[in-house]
Amino acid sequence: MHFVSEFVLLGFPGQRKMQNFFFSLILVVYLLTLLGNGAIVCAVKWDRRLHTPMYIFLGNFAFLEIWYISSTVPNMLVNILSETKTISFTGCFIQFYFFFSLGTTECFFLSVMAYDRYLAICRPLNYPSIMTGKFCVMLVCVCWVSGFLCYPVPIVLISQLPFCGPNIIDHFVCDPGPLFALACIHAPFTELMRYTFNSIIIFGPFLSILGSYTLVLRAVLRVPSGAGRTKAFSTCGSHLMVVSLFYGTLMVMYVSPTSGNPAGMQKIITLVYSAVTLLLNPLIYSLRNKDMKDALKKVLGLKINQN
């Protein structure tokens, strides 16, 4: 049951000149993110040397990030230019569903990618027999399907709360925190379930990643060769940087108490993990990986330097 038919997303309030600045900045970030992640997807698809589990996971991860940023940024750009800045009740919860489902899928992919690196470094002799093509495809499917099956129940429960006004959300996305603040009744059970659910979704994969890399670190430190240790750290370094960027902002936003934080700070944190990190990820992965750099040069039509 609800009473309002639409919400107003305030976005980034300010003078028109500042609005135009935000529009241009976010549009550039969006286009560069599409270009970077699209190039990785094409590189993995077209370069047969990259048809291995590690790059298949990376290709799917890049494809996911294209959809993840597209679940919020196009609407954000329209909202900046709009005079009314409205989004329908149904549209708000559809955005909520896809934004959080894709974010959950990203958590699962980061966990699976860490497990893949654990097998490759800690169990290299068994790696080909464990991480077979069939098992790789199964893990990819599990990540996608489970990510989209997690949020229907919480979203249905929140959407059933009565929203009788006001309908102004001081954010640029339909986030559960501001939505709870607009409900006409206090719903402690639903809010506790949402908080618990978010904690499980975030900490489950995070602890899995932490466990994988703890074992990787132990194995790397036992490698007698300095060159071997450097190669192993280089292989995992890019993934750890992505995990740190994504999970750091995610935990601040959805696990730590943020009710006392100003709305502006919550917008900045959300913008970092939903847009800025997605722009940086292709750079992090491509700059630290020779095979990926070579494949990207082919995809972008650049000449490979024979140094």
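The values are calculated or read from the model by the stated rules, or taken from the named source; none is laboratory data. What you are looking at is a predicted structure, and each value in this text was computed from that prediction instead of being measured. With ideal geometry, Cβ positions are generated from the backbone for all residues, glycine too; neighbour counts draw on all protein chains shown. Remember, those area values only see protein heavy atoms, side chains included, never the ligands or the DNA or RNA. Shrake-Rupley method; radii C 1.70, N 1.55, O 1.52, S 1.80 Å.
Computed quantities for the displayed model
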read-out	value
Amide H within-cut-off set for I169, under 5 Å, with H built and near neighbours excluded	V8, L9, L10
Mean Cα-pair separation over length for the chain, i.e. relative contact order, pairs under 8 Å, 6 or more apart, %	27 percent
Nearest 10 degrees, 0 to 90: helix 16-46 Cα axis against the chain principal axis	30 degrees
Set of aspartates and glutamates near K45 by C-alpha distance (under 18 Å), chain-local residues within fewer than 8 positions excluded	E65, D291, D294
Crossing angle, helix 290-299 versus the chain [Cα axis fit, 0-90 degrees, rounded to tens]	70 degrees
Proportion of all alpha-carbon pairs of region 71-165 beyond 16 Å (%)	68 percent
Binned Cα-Cα distance frequencies in region 1-158 - 10 Å width, integer %	9, 29, 29, 19, 10, 3, 0
All aspartates and glutamates inside 20 Å of K290 as judged from Cα atoms, apart from same-chain residues fewer than 8 positions distant	D47, D116
Bins of 5 Å, starting at 0 and running to the largest distance - Cα pair percent for region 75-123	5, 17, 14, 15, 12, 9, 9, 7, 7, 4, 2, 0
Average accessible area per residue (Å²) across region 41-156 - probe 1.4 Å, nucleic acids and ligands excluded	43 Å²
Within the accessible area of the chain (1.4 Å probe), percent carbon and sulfur	70 percent
With Cα atoms, 0 to 90° folded angle of helix 277-287 axis to the chain main axis	10 degrees
Among K297, K85, K134, residue whose mean-square fluctuation peaks in a GNM of the chain (springs only between Cα atoms under 10 Å)	K134
Centre separation in Å (Cα based) which lies between region 1-23 and region 54-99	16 Å
Expected 222 nm ellipticity per residue - DSSP helices of 4 or more, -39500 (n - 2.57), all of the chain, to 500	-24000 deg cm²/dmol
Spin-label pair W46/L32, simplified geometry with 7 Å Cα→Cβ offset, distance in nm	2.3 nm
Spread of Cα-to-Cα distances over 20 Å intervals beginning at zero, given as percent, for the chain	30, 54, 16, 0
Cα-based equivalent ellipsoid, region 1-43: semi-axes from gyration tensor eigenvalues, Å	31, 20, 5
